[in-house]
Number of protein chains: 2
Amino acid sequence: MIETPYLLFLGDAADQLAAKVAQGIKDWRPEYAVGQFRMEGCNADMGLPDMTIAEAKAKGVKTLVIGVANRGGVISQAWKRVLLDALEEGLDLASGLHNLLRDEADLAAVAKTMGRSLHDVRVPSVAYPIANGKKRTGKRMLAVGTDCSVGKMYTALCVEKEMRARGLKATFRATGQTGILITGDGVPLDAVIADFMAGSIEYLTPPNDADHWDLIEGQGSLYHVSYSGVTLALVHGGQPDALVVCHEPSRPHMRGLPDYKLPTLQQVRDTALTLARVANPACVVAGYSINTQHLPEAEAKAYLADVEARLGLPATDPFRFGAGKLVDALAAI
Amino acid sequence: MIETPYLLFLGDAADQLAAKVAQGIKDWRPEYAVGQFRMEGCNADMGLPDMTIAEAKAKGVKTLVIGVANRGGVISQAWKRVLLDALEEGLDLASGLHNLLRDEADLAAVAKTMGRSLHDVRVPSVAYPIANGKKRTGKRMLAVGTDCSVGKMYTALCVEKEMRARGLKATFRATGQTGILITGDGVPLDAVIADFMAGSIEYLTPPNDADHWDLIEGQGSLYHVSYSGVTLALVHGGQPDALVVCHEPSRPHMRGLPDYKLPTLQQVRDTALTLARVANPACVVAGYSINTQHLPEAEAKAYLADVEARLGLPATDPFRFGAGKLVDALAAI
């Protein structure tokens, strides 16, 4: 569990896109985002107050979060100076980078001396159990996709936001690095040992109030041959009451697999539902979440109307047009 | 890769069942099983010549394989003396125990001094790639099950034996500890990191001669909520041309999951085939492998006849009645 609030480290981000972790935190947990730290040459801006480490500390910041991808896969000396400064001022560090903070001898030494934590969210920090499949109280929604990176995290976050706006009990459950940094907690599922994948998701989504919804971030796709096993562990460990099928209509082929066409929404619906009902016979598909960012508004609306007409369930782009339809459907379960 | 041939260490096995790894090697790779080493109080016997370490070395043995489960989860001092002796005589050690050989300081030190290898087959020794899904040459069969521990390893080994007896090119591909110790190579899939599961199976079953069959040991079940993700990684990473559906008819519920009933053969057939065809649209189900060990012979035969009549494909207990029917079906693909 990462302590909040955060100072968002944007470093020397080449552009706004390079700082998408910081953007996610700013968009979804603005109450955690007290300020930003930009180095010379930084081309990203979250519109937050620029702060020194000391100013952030004075404002109550607990953790400096690396909100930017590093160039060339190494933590540069210029970054190092800021990170060491943060540790010495008494902040923890959190990172989703491939090269781990803990593997940097100077950071590890100063963190130890100062009694600070280095959170490398790519690496599991818990010894997860093997899944036991026991029925848990509370309700769970899982976002499943036709492909990787079609908007499953944003779908779950949008549904959480809309449910909370309606006064419903709802918790986004992160299963990837960005989601963990946004919310401060979660399971880095792609780094979990095979035997414990489903158990890690049971651990992430424990028994809860009968009217509480866990909104589980999906990973991969049952139709993506590189990662499908990770997806099925979510379907069975998550024990969902409802699935939302996510899709991005402009993909020419499965991400990273030029020889593989995307499945249809119907295929994903049928396969995911068959498998989900092994763990929860009452599971239903609540609706469709379409990532329409590459379509003009009129085309996007026509696409959604067509999905609703063909498949008989609500379809929306929850980031663009709101998650109301999905929450209506979930609240009726 | 573990060097052969082996001396099978039976230790102080409580009974024959405790030495099932040794039994598997003796049954399936008799050419590797030069002798056995039994300590005082050993109640298992493979019917092999009892040998001292020195005698085994003189007979050309390269590796002492721990063919028995240890009591209480610790490597006892009595075992230690034999294992140290083996290292000092110049043998490697191989083990599928939970407590690793490498974690025993004295074994690690002597192995280093002597230049010997400690093979802990529960731990991956390769940095597997992420699966790329590219079509590979050669043919592959995957054993899939209604549940865990229904006979998937034995099915693949029986098919290998029958194919080789007919002069066909065939290789059993181990995906679990016992299979790896039997054949000296394989992937300990349940210990692989989630992102690399399917890639490890691509690595295990590389391109091959067009008329060569890889016979892939299955793991778990698509219907076993604790391990289904591991199974799906096999279905997609293995890219099978043929599935053999394995079943054990006497199970009251899924192994370790009292609230879960077993799926029907039809359910496993349909779900596995739908998913397998994502990676290989030509995949078919070749037949059914029924573990009839708890049925008298007449009942076993009636059960198999019923499966064939209902499902229209060959059904056999390959360990009891031979794998001929399955190999006939595979050879016709």
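The values are calculated or read from the model by the stated rules, or taken from the named source; none is laboratory data. Keep in mind it's a predicted model, so treat the numbers as computed, not measured. Virtual Cβ from ideal backbone geometry, glycine too; neighbours counted across all protein chains shown. These accessible areas exclude ligands, DNA and RNA; they are computed on the full protein's heavy atoms, side chains included. Shrake-Rupley method; radii C 1.70, N 1.55, O 1.52, S 1.80 Å.
Brief remarks follow.
- Cβ-based charge dipole, region B:245-333, positive-most Cα from B:Phe319, B:Val285, B:Ala309: B:Val285
- Between 0 and 90°, nearest 10: helix A:105-114 axis offset from chain A longest Cα axis: 80 degrees
- Interface burial in region B:153-195, defined as at least 10 Å² less accessible area with all protein chains than with the chain alone at a 1.4 Å probe, covers B:Asp190, B:Ala191, B:Val192, B:Ile193, B:Ala194, B:Asp195.
- Shape of region A:150-206 from the C-alpha gyration tensor: prolate (a/c of 1.5 or more and a/b above b/c, with a ≥ b ≥ c the square roots of its eigenvalues).
- Copy-to-copy label separations for A:Asp27, where each label sits 7 Å from Cα toward Cβ, in nm and ascending: 5.5
- Semi-axes of the equivalent ellipsoid of region A:47-125 are 19, 15, 12 Å, computed as sqrt(5λ) over the eigenvalues of the C-alpha gyration tensor in descending order.
- Using alpha-carbon coordinates, inclination of helix B:297-311 to the longest axis of chain B, degrees: 50 degrees
- Accessible area per residue was computed with a 1.4 Å probe on protein heavy atoms; B:Val34 scores about 40 Å².
- As a ratio to 2.2 N^0.38 Å, the alpha-carbon radius of gyration computed for the protein assembly as shown takes the value 1.05.
- Top positive-direction residue, dipole computed over region A:175-258 with Cβ charges, set A:Ser226, A:Gly256, A:Ser200: A:Gly256
- Stokes-Einstein diffusion of region A:236-333 at 4 °C, 1.567 mPa s viscosity, Kirkwood radius from Cα pairs, rounded to a whole number: 90 µm²/s.
- Assigned charges on the beta-carbon of Lys, Arg, Asp, Glu; region A:58-212 dipole about Cα centre (debye): 480 debye
- Other-copy label distances relative to A:Val74, 7 angstrom Cα-Cβ extension, nm: 4.7
- Surface composition of chain A: carbon and sulfur make up 53 percent of the accessible area, probe 1.4 Å.
- With all protein chains kept in place, the per residue accessible area of the protein assembly as shown amounts to 39 square angstrom at a probe of 1.4 angstrom.
- Estimated buried accessible area (total), pair A and B, 1.4 Å, Å² to nearest 100: 2700 Å²
- Applying both filters, DSSP loop and at most 13 other Cβ atoms within 10 Å, to the trypsin sites (Lys or Arg not before Pro) of region A:30-60 gives A:Lys59.
- Beyond 27 Å in Cα-Cα separation lie the following of the pairs A:Lys80/A:Lys112; B:Lys62/B:Lys161; A:Lys139/B:Lys152; B:Lys57/B:Lys152; B:Lys169/B:Lys301; B:Lys261/B:Lys325: A:Lys139/B:Lys152; B:Lys57/B:Lys152; B:Lys169/B:Lys301; B:Lys261/B:Lys325.
- This model, with +1 at the C-beta of Lys and Arg and -1 at the C-beta of Asp and Glu, gives chain B a dipole about its Cα centre of some 640 debye.
- Farthest toward positive dipole pole in chain B [+1 Lys/Arg, -1 Asp/Glu at C-beta], among B:Phe9, B:Leu189, B:Cys42: B:Leu189
- Here B:Val126 yields copy-to-copy label distances, from shortest upward, of 3.2 nm, the label point defined as 7 Å from Cα along Cα to C-beta.
- Computed on chain B, with alpha-carbon pairs under 8 angstrom and 6+ residues apart, the relative contact order is 15 percent.
- Placing +1 on each Lys and Arg Cβ and -1 on each Asp and Glu Cβ, with no other charges, gives region A:231-309 a dipole about its Cα centre of roughly 220 debye.
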